[in-house]
Amino acid sequence: MLKKLLSAALLATAIGGAASTASAEGEQFQGFYTVAEIGYENGAAGFDQFNFGGAIGGNLKLGQHIFIGAEGEFLGSSSSFVDFTYGGHGQLGVVFNNRHAAFLRGGYREFEFDLGEFGSISAGGYSLGFGGQAEISDNVSIRTIVDTVEFDTIGVRTGLVFHF
């Protein structure tokens with residue numbers, strides 16, 4: 001039930017962001033940015049977690065409607081089993097109406113697992129996902145990402161993107 005409620009809230013946030021008014025500049029998909037985001041992840045090892053954290057990255061437009069980019073991310077966790085995750089991703093996107101974009105992303109994500117009195121271990125793998133982004137103002141947009149790590153986890157995150 002909680003998963004369905006969170007998914008509905010994240011979808012409503014994304015739709016609200018997509019429907020917002022924004023400048024027609026389309027510069028949100030060119031240059032450097034930071035992201036503050038929250039989300040939910042379900043892991044095959046039996047852990048469910050809320051994620052919170054952020055990313056820093058950059059995009060380069062390849063013409064009017066295509067962009068490529070790279071970003072690094074760090075996410076804290078509400079799980080007692082997962083302390084945090086971090087990783088890096090590349091992305092390829094398409095810009096619509098100079099204010100909205102859809103993108104595919106791929107990269108690597110590492111998990112830091114807390115084993116209590118036995119210490120901690122790190123494990124990770126390739127990460128694949130997709131997302132959408134919509135301008136809210138000249139320097140701020142909202143995005144939602146759905147991704148997986150080696151098809152063992154599935155996560156949904158939404159956040160504010162601050163462009164410089």
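The values are calculated or read from the model by the stated rules, or taken from the named source; none is laboratory data. Bear in mind the structure is a predicted one, so any value in this text is a computation, not a measurement. With ideal geometry, Cβ positions are generated from the backbone for all residues, glycine too; neighbour counts draw on all protein chains shown. Ligands, DNA and RNA are stripped out before the accessible areas are found, and what is left, the full protein with its side chains, is counted by its heavy atoms. Shrake-Rupley method; radii C 1.70, N 1.55, O 1.52, S 1.80 Å.
Among residues of region 79-103 that are over 17 Å from residue 35 (Cα atoms), those with a beta-carbon under 6 Å from a residue that is open to solvent by 60 Å² or more (accessible area, probe 1.4 Å) and assigned to a strand (DSSP E or B) at least six positions away or on a different chain give the pairs 92/68; 92/104. In region 135-157, the qualifying residues are those that are crowded, with 21+ Cβ neighbours inside 10 Å and polar (S, T, N, Q), and the one that is farthest from residue 66 (Cα to Cα) is 153. Among the residues of region 135-157, how many are in a strand (DSSP E or B) and among the acidic types (Asp, Glu)? Looking only at that region, the number is 2.
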